[in-house]
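Below is one structure, written out as structure tokens, with a few remarks after it.
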Amino acid sequence: MDFMRRNARWIALLALVAMATPFLAQGLNTLFAVDTFLVVMILFAATIIAVVVLARSPSDED
């Protein structure tokens, strides 16, 4: 439960981006003429990597 409390804002950000991803993918699909599923997967992977990197705190290394 402590993990959820410490990282609540990052979890909320991930949920927000996950909801916005289909709309972003559709817009990028129109802009760059690439497959929508590919764009969704790239955005999802980038979001997860960003959240994991940003959510790491110095206290996690102890």
Gyration tensor over alpha-carbon atoms, the chain, equivalent ellipsoid semi-axes in Å: 29, 12, 7
Compute the angle between helix 36-55 and the longest alpha-carbon principal axis of the chain, please, reported from 0 to 90 degrees and rounded to the nearest 10. 20
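Throughout, read-outs are computed from the coordinates displayed, never taken from laboratory work. Predicted model only: the values in this text are computed from it and were never measured.
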